[in-house]
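First comes the structure, then the notes that go with it.
The values are calculated or read from the model by the stated rules, or taken from the named source; none is laboratory data. All values reported here derive from a predicted model rather than from experimental measurement. Virtual Cβ from ideal backbone geometry, glycine too; neighbours counted across all protein chains shown. The accessibility values were calculated without ligands, DNA or RNA, using every heavy atom of the protein model including side chains. Shrake-Rupley method; radii C 1.70, N 1.55, O 1.52, S 1.80 Å.
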Amino acid sequence: MSGTFWFLLSLLLALMLQIVQMPEALALVRPIWPLLVIGYWALYAPQTPAIFAAWVLGLCCDVLLNAPLGQYALGLVVVAFLIRRLAGIYVLFPIWQAALALLPIWALFVFLMFWIDGLTRHAADPTLRWLPIVSTTLVWPLLAGLLDTLRARRKRDLNRIRLP
């Protein structure tokens with residue numbers, strides 16, 4: 001399967017995981033799936049249109065999560081841009097260290113969401129707003145490892161096809 005297939009499938013799955021109903025206790029610490037997937041593609045696959053995909057995925061999140069139009073789009077585009085700009089530094093880290101190094105970017109995203117909620121007078125509990133940063137950071141190595149495995153399998157299959 002092509003890289004574009006995995007790219008689009010991962011974006012769709014991230015959107016679905018973000019809107020799926022969960023018990024309230026688990027929903028409080030739900031990782032921010034679109035943030036994780038956009039972060040991965042912006043960091044490890046520079047040939048993908050991650051910034052454009054962040055904007056489109058953000059608009060979809062805005063509509064599906066009943067947020068002000070452009071809130072998630074702005075947050076995801078800022079994250080994709082920053083990760084792309086700092087990719088040369090982040091790729092030097094092992095995946096578990098990259099998770100910690102990306103923590104300030106995840107926090108910036110949550111701060112932007114919190115700030116826009118404040119501007120639009122959307123009440124949100126500040127402590128609950130920051131909990132997903134922990135789960136997002138903990139899930140990063142798993143998601144990055146899974147997507148790396150899928151991309152490596154694709155490269156292996158392409159090399160097998162090209163060899164005589």
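Some observations on this one:
- Subset of the stretch 118-130 [in contact (Cβ under 8 Å) with a residue 40 or more places away in the chain and surrounded by 14 or more Cβ atoms within 10 Å (Cβ to Cβ)]: His122
- Residue count for the stretch 1-33, restricted to those that are touching a residue at least 40 places away in the same chain (Cβ under 8 Å), over 18 Å from Leu128 (Cα atoms), open to solvent by less than 60 Å² (accessible area, probe 1.4 Å) and of a type outside the set (S, T, N, Q): 6.
- Qualifying position, being free of Cβ contacts under 8 Å to residues at least 40 places away in the same chain and β-branched (Val, Ile, Thr), among Val77, Val91: Val77
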